[in-house]
Each structure stands twice: as structure tokens, then as C-alpha cells.
1. Search the structure for amide H atoms under 5 Å from the amide H of GLU56, placed 1.01 Å from N in the peptide plane, and list their residues when 5 or more places away or on another chain.
2. Starting from the amide H of LYS66, placed 1.01 Å from N in the peptide plane, find each other amide H under 5 Å away whose residue is 5 or more places distant or on another chain.
3. Report, by chain and number, residues whose modeled amide H sits under 5 Å from the one on ILE30, excluding near sequence neighbours (fewer than 5 apart, same chain).
4. Hey, what do the phi angles of region 12-22 turn into as Karplus ³J(HN,Hα) couplings, whole Hz, using 6.51/-1.76/1.60 and θ = phi - 60°, x for Gly and Pro?
5. Please give the net charge around LEU74, taking every other residue with its beta carbon less than 9 angstrom from that of LEU74, where Lys and Arg add +1 and Asp and Glu add -1.
6. In nm, to one decimal, how far is the modelled label at GLU76 from the one at GLU7, with both set 7 Å along Cα→Cβ?
7. Residues of region 50-72 with amide nitrogen under 16 Å from the 7 Å Cα-to-Cβ point of MET17?
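The numbers here are math on the coordinates, done by the rules we state, and not lab data. Every value quoted in this text rests on a predicted model; they were computed, and no experiment measured them. Here the Cβ positions follow ideal geometry from the backbone for every residue, glycine too, while neighbour counts run over all protein chains shown.
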Amino acid sequence: MEFRIGELCRKEVIDVMDGSRYGYVGDAEIDLETGQVRALVVPGRLRLLGLLGREEDHIFPWAAIKRLGEDIILVEGMQTGRRSGRKNH
């Protein structure tokens, strides 16, 4: 299956274990030497309408991705990593 990185932003990430909806892909971590996608990043939710920044981002390593569909990406969320969310400027 081939698709562009920009198409990932239109796909919602859902956990196959419990049906949790994490949101839409905001970024991808790519190995520049091989060109392979290492992980997908879903931005954390806004806190108090964005005035208090965001919750932590969800990072899904490529091994956690179970299925890529037309509209959704199914992941096994137990394998997610997290990083601190970005603050709005």
C-alpha cells in the first residue's frame, strides 16, 4: 500500500484493544537514512481551549500499528510512548 505522508493527517488513530480514539495523526518520525517511518505522533488534546497548552502527545511506534485503512489507523495502544505536548504561542 502506498500513500503520501500528507494523507496520514486525515486518518484517525483508534486502539484495537479498547476502541479508544486518540485523534488524528499530526506528525511522523522518519529515519532519514532509510526513509522508513519509525513512529506516528498524535498531538495531545488542548487544555482549557488551548490556554493551558496541550496534554502529552501520543507516539505510536511502527510496531504498534496493526492496520492502515482508508480513514483510520488501528493501533495496539499498550505500546504507545508519550512526550510532553507543545504549548501554543
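1. Those lying under 5 Å, H to H, from GLU56 are GLY85.
2. Hits under the 5 Å cutoff: LEU74, VAL75, GLU76.
3. Those lying under 5 Å, H to H, from ILE30 are ARG38.
4. With the stated coefficients, region 12-22 comes to 8, 9, 10, 7, 6, 6, 10, x, 4, 9, 8 Hz.
5. Values: positive: LYS66, ARG67; negative: ASP15, GLU76.
Counting the neighbours of LEU74, the net charge comes to 0.
6. It works out to 2.5 nm between the two label points.
7. 58-67
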